[in-house]
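*Asks:* Input: one structure, supplied below.
Read the figures in this text as sums done on the coordinates, not as results from a lab. Since the structure is predicted, the reported quantities are computational estimates derived from the model, not experimental observations. Backbone-built Cβ (ideal geometry, glycine too); neighbour counts: all protein chains shown.
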Amino acid sequence: MRGAIQHRKGRASPWRARYRAPDGGEISRSFIRKIDAERWLQDELSKLNRGLWIDPSAGQVTFAEWVETWLPGLDVKPKTRAGYESLLRSRIPPVFGAVELRRIAPADVREWVAAMAEEGLSASRIRQARQLLGAALGTAVTDGILGRNPAAGVKVPTDRPRQQRFLDAHQVADLAQSAERREPGAGLVIDVLAWVGLRWGELAALRVSNVDPLRRRITVSEAATEIGGELVFGTPKSHRTRIVVMPSWLSETIGERLSGLGAGDFVCTATRGGPLRASNFRRNVWVPAVAAAGIDPGLRMHDLRHTAASLMISSGASIKAVQRQLGHASAAMTLDLYGHLYDDDLEALADALDERYAAARAAHTRPKSGGEVVLLRQESAETVDA
């Protein structure tokens with residue numbers, strides 16, 4: 001018999017349920033009531049039969065010990081890893097570090113989330129912390145250490161996305177001129193970000209060999225990330241190389257800039273040479289240039305990427321073209337971010353449909369003998385919910 005229940009007189013918990021684990025060892029647990037022992041044994045045997053059984057001793061490892069083996073195995077970018085390490089230092093270990101994995105319950109995770117919210121931590125940071133905890137525990141489930149993920153399904157405060165900000169072409173020109181006055185070459189930085197849509201890290205890592213001014217092409221194959229004051233170079237955010245285009249006037253400007261530079265040199269550099277650093281550029285150029293151009297001081301450098309999307313869409317670019325230019329993982333992602341910018345196209349769509357209808361109507365009329373014009377067929381218009 002694989003499992004059995006034994007009654008032991010004189011014990012505080014007299015009903016003992018036991019069964020044989022797959023490795024031949026005995027697993028047992030004591031209960032005050034017989035029915036509780038029966039239910040537990042039935043549940044454990046059911047897990048064995050369905051291949052869902054987890055060794056109770058496997059989850060005895062503490063969360064801190066588990067993270068030491070889990071984190072090094074993650075295939076993530078340096079900036080992402082640095083963010084994880086920050087959360088693992090400040091938010092998760094103080095609460096769960098010394099707790100065995102099997103002892104972490106959904107109620108504990110909910111209480112932890114509520115405490116961070118009461119402390120005033122941003123919704124975004126709370127969500128990141130919960131996701132990181134859930135990812136670590138999820139791997140423990142996959143590895144057969146836990147039977148369920150206690151962080152799964154735990155709700156966090158709503159993270160309200162920051163409102164997107166867009167500049168028009170005239171504002172971009174004013175900002176570029178203002179930046180150029182602050183620092184030679186800074187105007188080109190603004191133009192590339194706003195008219196091509198590169199991420200800051202992609203621009204900072206852009207080398208001469210990746211630019212083809214004659215074909216108006218830029219190959220985006222590298223990105224720079226500033227971590228702890230050090231620049232780390234790696235693949236772009238999507239881990240994939242992409243080719244983007246630029247307007248002719250910008251390709252001519254960049255072509256002049258590349259004259260005399262080597263293939264491995266950076267296209268845009270700091271004042272004293274070397275790669276651009278976001279922190280220095282923001283302090284020395286961006287903030288004063290935005291103010292001098294009379295633009296909202298809340299504008300971020302990343303908003304130039306939103307501006308690029310807006311300029312492309314207003315110039316007639318399709319969602320697929322914008323997706324490829326910006327390097328989004330899918331057109332759906334691009335639609336989620338910028339689909340509202342296509343609302344202005346609805347009036348043009350209605351006008352175009354009017355023209356198609358008029359053309360179809362004219363095609364179904366012909367002159368009758370004597371010059372009278374008759375309508376051969378008139379189709380009723382139906383509303384289709386697409």
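*Asks:* I want to check a number: in the chain, how many lysine pairs have alpha carbons closer than 24 Å, given a sequence separation of 8 or more or different chains?
*Replies:* 5
*Asks:* Here's a follow-up. Hey, what did segment 60-142 get for relative contact order, percent, Cα under 8 Å, at least 6 apart?
*Replies:* Relative contact order for segment 60-142 comes out at 42 percent.
*Asks:* Cβ under 12 Å from Q42's Cβ, Q42 left aside: what net charge do those residues give with Lys, Arg +1 and Asp, Glu -1?
*Replies:* -1
*Asks:* Looking at (1) 23.1; (2) 21.7; (3) 26.9, which value of Kirkwood radius over Cα pairs in Å comes from a calculation on the structure shown?
*Replies:* (3)
*Asks:* Let me ask another. Only helical DSSP H runs with n ≥ 4 go in: add -39500 (n - 2.57) per run for the chain, normalise by residue count and round the 222 nm mean residue ellipticity to 500 deg cm²/dmol.
*Replies:* That calculation yields -13500 deg cm²/dmol at 222 nm.
*Asks:* Here's something else I'd like to know. What full-extension length gain, to one decimal in nm, is calculated for E68 and A115 as 0.36 nm per residue of separation minus the Cα-Cα distance?
*Replies:* Working it through step by step, the gained length comes to 14.4 nm.
*Asks:* Along Cα→Cβ, 7 Å out, is where each label goes; now give me the distance between the ones at R33 and D168 in nm to one decimal.
*Replies:* Label-label distance for R33 and D168, simple model: 7.3 nm.
*Asks:* Quick one: angle between helix 248-258 and the longest Cα principal axis of the chain, in degrees between 0 and 90, rounded to 10, please.
*Replies:* The angle comes out at about 70 degrees.
*Asks:* Further question: List, largest first, the extents of the alpha carbons of segment 97-180 along their principal axes, each in whole Å.
*Replies:* Principal extents (largest minus smallest coordinate, Cα): 60, 30, 22 Å.
*Asks:* How far, in degrees from 0 to 90, does helix 186-196 lean away from the longest principal axis of the Cα atoms of the chain, to the nearest 10?
*Replies:* 80
*Asks:* Dividing the alpha-carbon Rg of segment 60-142 by 2.2 N^0.38 Å yields what?
*Replies:* 1.05
*Asks:* So, one more: Give me a comma-separated list of calculated 3J(HN,Hα) values for segment 136-146, in order, Karplus coefficients 6.51, -1.76, 1.60 applied at θ = phi - 60°, integers in Hz, x for any Gly or Pro.
*Replies:* Running phi through 6.51 cos²θ - 1.76 cosθ + 1.60 with θ = phi - 60° gives 5, 6, x, 5, 5, 5, 4, 7, x, 8, 10 Hz.
*Asks:* Do you know the relative contact order of segment 3-53, to the nearest whole percent, from alpha carbon pairs under 8 angstrom that are 6+ apart?
*Replies:* Normalised by residue count, the contact order of segment 3-53 is 30 percent.
*Asks:* When only Cα pairs under 8 Å and 6 or more residues apart are kept, what is the percent relative contact order across the chain?
*Replies:* 11
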